[in-house]
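The values are calculated or read from the model by the stated rules, or taken from the named source; none is laboratory data. Predicted model, so just to flag it, every value in this text is computed and none were measured. Positions of Cβ are backbone-derived with ideal geometry, glycine not excepted, and every protein chain shown enters the neighbour counts. To get the accessible areas, we keep the full protein, side chains included, count just its heavy atoms, and leave off ligands, DNA and RNA. Shrake-Rupley method; radii C 1.70, N 1.55, O 1.52, S 1.80 Å.
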Amino acid sequence: MRARQALCFSMAACCLLTGAPAQAGPTLLFDVSNGAVLYAEDQDNLWHPASLTKIMTAYLTFEALKAGKLTLETKLAVSEAAHAQPPSKIGLPVGGSLTVDLALKALVIKSANDVAVMLAEAISGTEGEFIAKMNATAKRLGMNRTNFVNPNGLPAPEQVTTARDLARLARAVVKDYPEHMALWSMADMRIGRRRLGSHNGLLKTYEGADGLKTGFTCVSGYNVVASATRDGRRLMAIVLGESSGRDRTVRAQSLLEHGFQTSAWKFFFTKTVSIDTMPEAPEVKSVASVRQSVVTWDCGGRARVRTAAAKQKTRVAKTAKAAKATAAATVTVTTAPAAQAGVSVQASVAPKTKPKPKAATAAAPAIKPQ
């Protein structure tokens, strides 16, 4: 297991928080009010942000609104460049339009790649000029190891960041533009007759959750900047490189719960560091890929599931034989990698007098990215 840099305040907490699968990426838990770090692991390692990039796109949109360059009612046109973006997207035709208000909601909730380009063009004239503005803003916020090459987070080798840099950005976006905080906590939105739901599972499952943004690519894995507020105290957890959306949610919940359950008096007697004063790792590690551990068909999960199914064919055959009296039987097969992530894969088996091993195949869970 790779070396870990962790700041914990009890042995029980250390066991809970470091119990994640070895393939998991960097994590960081901090208090938004003062930036105090409650837990950190590989916080300065380079990582692909995926759609967490859109937090910066939203930040610059808020800036343009405050400066009067845009209003929430301003219509954004769909250019050919925006229309050409791959999903996730709204998919309006070239020449169509969307208000800034709806665009921001689509950016955060739907994680729409085409809308990110529309906003970039409206704010800076061209996507290239907007990207330059993103990097200048990142430098101003102290995001020293971040580089942007697009406004939406689509796969690009040069688009990198760190958990610490994302913490600085996330803290800035809620402190500089608190009037837009409600946007980050929206679980769904409507465009015409279409209802679009958030990919942030914490908004429905975790008490006090109020944002912020998720992201996913095969190389980066499942990422999230998760925010929650209880009794006036707001914490944020940065989780990068999880194997599934479920693991991403569980990991973020564990971090946030640790933060809320740790009594304030412990921190009063414990020397703490902030995201700005915490010593920076001297070595800049190359960005890692978690493609092989991601549980989805698009990233190579199919081969692993088929291998596990082959190993379980004897068990499946016995189950099929025992199910003669029923119309169908279902057996749960857990792959080795999936077991680490806590994911079960369902295989449907039709009863036969002489079951054939090939009749049992396990289908990888369909996980919608972002």
Checklist entry - How much net charge surrounds Tyr177 when only the other residues with a Cβ under 10 Å from the Cβ of Tyr177 are counted, with Lys and Arg +1 and Asp and Glu -1? => result -1
Checklist outcome for this item: One would report the Cα pair-distance distribution of the stretch 36-116, bin width 5 Å, in %, as 3, 14, 21, 21, 15, 10, 7, 6, 3, 1
Item to check | Relative contact order of the stretch 41-159, defined on C-alpha pairs under 8 angstrom at six or more residues apart (%) | outcome: 31
Item to check | Label point distance in nm, Glu63-Asp276, each placed 7 Å from Cα along Cα→Cβ | outcome: 1.8
Checklist entry - What size of dipole, in debye to the nearest 20, comes out for the stretch 114-198 about its Cα centre when the only charges are +1 on Lys and Arg C-beta atoms and -1 on Asp and Glu C-beta atoms? => result 340
Checklist entry - Among Asn34, Gly96, His83, which residue has its Cα positioned farthest towards the positive end of the charge dipole of the stretch 34-97, with +1 placed on the Cβ of Lys and Arg, -1 on the Cβ of Asp and Glu, and the dipole taken about the Cα centre? => result Gly96
Checklist entry - For the charge dipole of the stretch 122-261, defined by +1 on Lys and Arg C-beta atoms and -1 on Asp and Glu C-beta atoms about the Cα centroid, which residue among Ile238, Ala163, Ala132 has the Cα displaced farthest towards the positive pole? => result Ile238
Item to check | Average accessible area per residue (Å²) across the stretch 25-66 - probe 1.4 Å, nucleic acids and ligands excluded | outcome: 15
Checklist entry - Check Arg230: other-chain or 5+ apart residues with amide H under 5 Å from its amide H, H built from backbone geometry? => result Leu235
Checklist outcome for this item: Subtracting the Cα-Cα distance of Ala182 and Phe260 from 0.36 nm times their residue separation yields 25.9 nm
Item to check | Difference of contour (0.36 nm per residue) and Cα-Cα distance, Trp297 to Glu73 | outcome: 76.6 nm
Item to check | Assigned charges on the beta-carbon of Lys, Arg, Asp, Glu; the stretch 204-293 dipole about Cα centre (debye) | outcome: 140
Next on the checklist: If amide hydrogens are placed 1.01 Å from N in the peptide plane, which non-local residues have theirs closer than 5 Å to the one on Gly221?
Outcome noted: Val290
Checklist entry - For Leu212, which sequence-distant residues (separation of 5 or more, or a different chain) have an amide H within less than 5 Å of its own amide H, given hydrogens modelled in the peptide plane? => result Val225, Ala226, Ser227
Checklist entry - By the scheme Lys and Arg +1, Asp and Glu -1, what is the net charge of all other residues having a beta-carbon under 13 Å from that of Lys213? => result +3
Item to check | Förster radius 22 Å - calculated FRET efficiency between Asn144 and Ser286, Cβ distance, rounded to 0.05 | outcome: 0.85
